[in-house]
1. All but one of (1) more than 30 Å from Gln68 (Cα to Cα); (2) open to solvent by 80 Å² or more (accessible area, probe 1.4 Å); (3) not in a strand (DSSP E or B) hold for Thr125, so report the exception by its number.
2. Out of (1) open to solvent by less than 70 Å² (accessible area, probe 1.4 Å); (2) assigned to a strand (DSSP E or B); (3) modelled with pLDDT under 95, what's the single condition that is false for Asn67?
3. Looking for something within 19 Å of Phe102 (Cβ to Cβ), surrounded by 10 or more Cβ atoms within 10 Å (Cβ to Cβ), at pLDDT 90 or above and in contact with a strand residue (DSSP E or B) (Cβ under 9 Å, 6 or more places away or on another chain) - is there at least one such residue anywhere in region 11-29?
4. Which residue pairs have Cβ atoms closer than 6 Å, lie 6 or more positions apart in sequence or on different chains, and pair a first residue in region 173-193 that is at positive phi with a second residue that is open to solvent by less than 80 Å² (accessible area, probe 1.4 Å) and outside any loop (DSSP other than H, G, I, E, B)?
5. Would you pick out the residues in region 118-171 that are β-branched (Val, Ile, Thr) and in contact with an Asp or Glu (Cβ under 7 Å, 6 or more places away or on another chain)?
6. Is there any pair linking a residue in region 131-157 that is under 17 Å from Val192 (Cα atoms) to one that is open to solvent by 90 Å² or more (accessible area, probe 1.4 Å) and in a strand (DSSP E or B), with Cβ under 6 Å and at least six apart or on different chains, and which?
7. If the requirement is being under 23 Å from the mean Cα position of the chain (by Cα), under 16 Å from Ile122 (Cβ atoms), open to solvent by 90 Å² or more (accessible area, probe 1.4 Å) and not hydrophobic (A, V, I, L, M, F, W, C), which of these qualifies: Lys145, Lys151, Lys181?
8. Sort out which residues of region 47-64 are among the β-branched types (Val, Ile, Thr) and either in a loop (DSSP other than H, G, I, E, B) or modelled with pLDDT of 95 or more (or both), and write them in order of number.
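The values are calculated or read from the model by the stated rules, or taken from the named source; none is laboratory data. The model shown is predicted, which means the values in this text are computed figures rather than measured ones. Every residue, glycine among them, receives a Cβ derived from its backbone with ideal geometry; neighbour counts consider all protein chains shown. Only protein heavy atoms, including side chains, enter the accessible area calculation; ligands, DNA and RNA are left aside. Shrake-Rupley method; radii C 1.70, N 1.55, O 1.52, S 1.80 Å.
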Amino acid sequence: MKIFNFILFIISLSQFQSCQSKAYAALHDVERGLFLDRAYSVSNSTFFQRRLESDVESARNNWVIVNQDIENVYFGKISHNKNYLMVAPFYKTDKSALEDIFPGYASIDGKTIKAKVFEDFIKPTIKERLVPICPQSYSVDYSRKKYLLTKNGIESDIVFTGRCYEDKLFNANIRITMSAKDLEIIEKEITVK
């Protein structure tokens, strides 16, 4: 029985490694339309979640669109490998379905969504509720930051606590639905206790 399990493990490991070795390509090749068949196919939801991981502070965490054709949008993370840039991991998603649910996919990523929510909702709440009472030593603790791509648009649910020194002053829950085309606010609900 142990030998059988060991053989299954080796077979699954070799399949995993062969799959892993496929999902990369040189950036200059992908930009020219070469080796696009190496990209793993993923859902539009996965595309959105990966793009959401793009970070304001670090370009290393950014998921970028590296090519598009009639059928697919190709994306991944860019990394340095010796003398050239690699796209690894390397994914594709159905372009037609993506355009239907997320028409602003080419220009909207995690940085733009998070900046919009912070500038339009979180920052004003902090300025109104926290800065007048505690201008020099306040903190904000986030207990939830959730972003979803739905048929209604991009839904955001943020819960945070405002503190002055160690004293809790308020809890805020911000729920927003934004257009997946241009981040225009469709619906908003702000509760501060």
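1. (2)
2. Against the list (1) open to solvent by less than 70 Å² (accessible area, probe 1.4 Å); (2) assigned to a strand (DSSP E or B); (3) modelled with pLDDT under 95, Asn67 comes up short only on (3).
3. Checked region 11-29: no residue is within 19 Å of Phe102 (Cβ to Cβ), surrounded by 10 or more Cβ atoms within 10 Å (Cβ to Cβ), at pLDDT 90 or above and in contact with a strand residue (DSSP E or B) (Cβ under 9 Å, 6 or more places away or on another chain).
4. Note: pairs meeting the criteria are Leu183/Lys116.
5. Within region 118-171, just Thr161 meets the criteria.
6. Cβ pairs passing all conditions: Asp157/Lys146; Asp157/Arg175.
7. Selected residue: Lys145, the only one of Lys145, Lys151, Lys181 that is under 23 Å from the mean Cα position of the chain (by Cα), under 16 Å from Ile122 (Cβ atoms), open to solvent by 90 Å² or more (accessible area, probe 1.4 Å) and not hydrophobic (A, V, I, L, M, F, W, C).
8. Of everything in region 47-64, just one residue is among the β-branched types (Val, Ile, Thr) and either in a loop (DSSP other than H, G, I, E, B) or modelled with pLDDT of 95 or more (or both), namely Val56.
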